[in-house]
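Take a look at the structure set out below.
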Amino acid sequence: MNFCWCTITVNNLEQSVKFYQEILGLRVERQFSPNPGMEIAFLTDESGMEIELIKFADRTVTEEKKGISLGFTVKSLEDAMAMVKENGIAVIGQPVITPMVKYFFIKDPNGVNLQLVEKVKE
């Protein structure tokens with residue numbers, strides 16, 4: 001069995017697609033409307049991992065996403081920190097440095113926790 005994607009229900013599909021493209025560097029793999037009142041966009045990274053964004057016309061997402069985070073590797077934590085601040089994205093807490101990784105958290109437009117991680121070279 002292999003993991004294929006993570007689904008996030010969104011209030012604004014265009015805003016969410018733009019965030020994942022511009023901030024996290026994902027690309028739209030496919031975007032479609034399988035039926036009236038539903039829009040879907042799949043975004044992927046260079047490894048093939050996908051995020052599915054779904055917008056339902058008759059639903060508004062209001063609850064905070066708790067207990068889950070999505071991790072994304074970055075080449076430089078310092079560059080990532082500068083980029084999110086430049087884009088007006090709040091950093092949650094302080095960066096954490098361990099012997100194996102350095103990371104910090106942000107939230108996507110839907111309240112999903114995102115962990116930006118730099119692997120420490122040995």
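Starting with the fewest neighbours, write out 55, 121 ranked by other beta-carbon atoms found within 10 Å of each beta-carbon. Provide the component values of the computation, followed by the final result.
On the way: 55 20, 121 4.
Going from sparsest to densest Cβ surroundings: 121, 55.
Would you mind counting up the charge near residue 4? Only other residues with Cβ under 10 Å from its Cβ, with Lys and Arg at +1 and Asp and Glu at -1.
Result for the neighbourhood of residue 4: -2.
Note the angle between two axes, namely the Cα long axis of helix 77-86 and the longest principal axis of the Cα atoms of the chain, as a number of degrees from 0 to 90, rounded to the nearest 10.
Roughly 50 degrees, rounded to the nearest 10.
Between helix 13-22 and the chain, what is the angle of the helix's C-alpha long axis to the longest principal axis, kept within 0 to 90° and rounded to the nearest 10?
Relative to the chain, helix 13-22 is tipped by roughly 30 degrees.
Rounded to the nearest 5, what % of DSSP beta bridges with both residues in segment 63-122 are antiparallel?
65
Under 24 Å Cα to Cα from residue 75, which lysines show up? Leave out anything in the same chain fewer than 8 places away.
Result set, ordered by chain and number: 18, 85, 102, 107, 119, 121.
Determine the relative contact order of the chain: mean sequence separation of Cα pairs under 8 Å and six or more apart, normalised by residue count, in whole percent.
23
Mean separation of Cα pairs under 8 Å and 6+ residues apart, divided by the residue count of segment 1-61: what relative contact order is that in percent? Let's see the in-between values first.
On the way: 106 pairs, mean separation 25.2, N = 61.
After rounding, I find 41 percent.
Magnitude of the Cβ-charge dipole of the chain, K/R +1 and D/E -1, about the Cα centre, nearest 20 debye? Could you put the intermediate results ahead of the total?
On the way: 13 positive and 17 negative charges, 41 e Å.
The dipole magnitude comes to about 200 debye.
Taking semi-axes √(5λ) of the Cα gyration tensor in Å straight from the coordinates, which label in (1) 21, 18, 14; (2) 30, 18, 10; (3) 27, 16, 13 is the correct one?
Computed from these coordinates, semi-axes √(5λ) of the Cα gyration tensor in Å corresponds to label (3).
Please list, ordered by chain and number, the residues whose modelled amide H lies under 5 Å from the amide H of residue 101; skip anything fewer than 5 residues away on the same chain.
Long-range HN contacts for residue 101: 120.
Every read-out reported here was derived from the displayed coordinates using simple, explicitly stated rules and does not represent laboratory data. All values reported here derive from a predicted model rather than from experimental measurement. Backbone-built Cβ (ideal geometry, glycine too); neighbour counts: all protein chains shown.
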